[in-house]
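Below you'll find the structure, written out as C-alpha cells, and then a few comments.
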Amino acid sequence: MIRKNPGFGDMHVALAADAWGKGDYINALKEWNFVCDKISTGCAAYEDKEWVTTVRRWPPQLVEKLQQFLHREVPEKLRGSGALAPVLSKNK
C-alpha cells in the first residue's frame with residue numbers, strides 16, 4: 001500500500017507501531033519521523049488515542065502498540081530480553 005501511496009500517514013504510523021512492538025525501534029522511529037516531517041498532515045493527530053480509535057477505527061491491538069510507541073514503553077514480551085527502548089527528546 002505504501003508503494004502505491006507513499007503519503008498515506010496511517011500506514012507509516014501503523015508500521016511504526018508494529019515495528020516498536022517487535023523491538024525494531026530504529027524502523028519505528030524512521031516511519032514516525034517520515035510522517036512528522038514528510039507528510040503534510042503530520043503526526044500530531046496520531047497522538048490522540050480517541051481520534052485513532054474512533055475516527056481512524058484502528059483495532060485495539062494496534063492502538064495499544066501505538067500507545068507503547070508514543071510513551072516509549074518496551075513491549076511486555078520484550079521486557080527482560082535486553083532490548084532497550086531509545087530515550088528521545090519529545091521535539092516532534
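Nothing in this text is a laboratory measurement; each read-out follows from the coordinates by a stated rule. Nothing here was measured: the structure is a model prediction, and the numbers come from that model. Here the Cβ positions follow ideal geometry from the backbone for every residue, glycine too, while neighbour counts run over all protein chains shown.
Do you know which residues across the stretch 30-71 are of a type in the set (Phe, Trp, Tyr) and not in a helix (DSSP H, G or I)?
TRP58
Looking at this structure, is VAL74 surrounded by 14 or more Cβ atoms within 10 Å (Cβ to Cβ), part of a helix (DSSP H, G or I) and of a type in the set (A, V, I, L, M)?
No.
Hey, could you check the stretch 13-52 for residues that are hydroxyl-bearing (Ser, Thr, Tyr) and within 12 Å of the chain's Cα centre (by Cα) and say which is surrounded by the most Cβ atoms within 10 Å (Cβ to Cβ)?
TYR46
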